[in-house]
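As structure tokens, the structure follows; a few thoughts come after it.
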Amino acid sequence: MKKSMPAFPFGLRLALLLSGFEGLVLAITSLAAPKLVADLSGLPGADLPVYQQAGAAALGYALQSLLAFRAKNWEQIRIPVMVGLIVVLFTALGAFYYVVLLGVVKSYLIFILAFSIYLTAAFGYYVWFYSKQEGGLNL
């Protein structure tokens, strides 16, 4: 018999909402002004179509997060949260690589690093919490 699940927590809703808005900002800037993104991040601007493709991927992620915000229970949101966890984990690793290992210390990259670490912790916590409640990840 399944344990009764707690109400959909405010913290997870907040993480989804912030994730969606951050994704929209990154997507719109990458799609509309890839040269600006390259300049703000301190990365070479020779491959601008790649920035636009990353912006398109970020737009899909942002829309997924904003649509998941409307969910009523964990069953409706478990896969988007796992996708979110994977996306922000690799985003944090990429930003860490540039900021810490390569020393590209730009405010844009630091913002991405800090926000990605926060979202990784938030999504990771809720995946762990619900998997503990259900006795496994149940993907």
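Of note:
- Residue 46 being assigned to a helix (DSSP H, G or I) and either modelled with pLDDT of 90 or more or more than 19 Å from the chain's Cα centre (by Cα) (or both): no
- Filter pass, residue 84 being in contact with a helix residue (DSSP H, G or I) (Cβ under 8 Å, 6 or more places away or on another chain) and in contact (Cβ under 8 Å) with a residue 24 or more places away in the chain: yes
- Test: residue in region 92-99 that is buried (at least 19 other Cβ atoms within 10 Å of the Cβ), within 22 Å of residue 37 (Cβ to Cβ) and within 17 Å of the chain's Cα centre (by Cα): yes
- Figure legend. Inter-residue proximity from region 114-137: first residues within 23 Å of residue 22 (Cβ to Cβ), second residues assigned to a helix (DSSP H, G or I) and of a type in the set (D, E, K, R), beta-carbon distance below 6 Å, spacing 6+ or different chains. Indicated pairs: 115/22.
- Restricting region 68-91 to residues that are of a type outside the set (Phe, Trp, Tyr) and more than 14 Å from the chain's Cα centre (by Cα), the residue that is surrounded by the most Cβ atoms within 10 Å (Cβ to Cβ) is 77.
- If you check 38, 58 for being crowded, with 18+ Cβ neighbours inside 10 Å, farther than 21 Å from residue 10 by Cα and under 11 Å from the mean Cα position of the chain (by Cα), only one passes: 58.
- Every condition in (1) more than 14 Å from the chain's Cα centre (by Cα); (2) assigned to a helix (DSSP H, G or I); (3) within 27 Å of residue 122 (Cα to Cα); (4) not small (Gly, Ala, Ser) holds for residue 52 except the one numbered (3).
- Pairs linking a residue in region 27-55 that is in contact (Cβ under 8 Å) with a residue 24 or more places away in the chain and among the β-branched types (Val, Ile, Thr) to a residue that is surrounded by fewer than 17 Cβ atoms within 10 Å (Cβ to Cβ) and part of a helix (DSSP H, G or I), with Cβ atoms under 8 Å and 6 or more positions apart or on different chains, are 29/36.
The values are calculated or read from the model by the stated rules, or taken from the named source; none is laboratory data. Remember, it's a predicted structure, so these values are computed and weren't measured experimentally. Because the Cβ atoms are built from the backbone with ideal geometry, glycine has one as well, and the counts that use them run over all protein chains shown.
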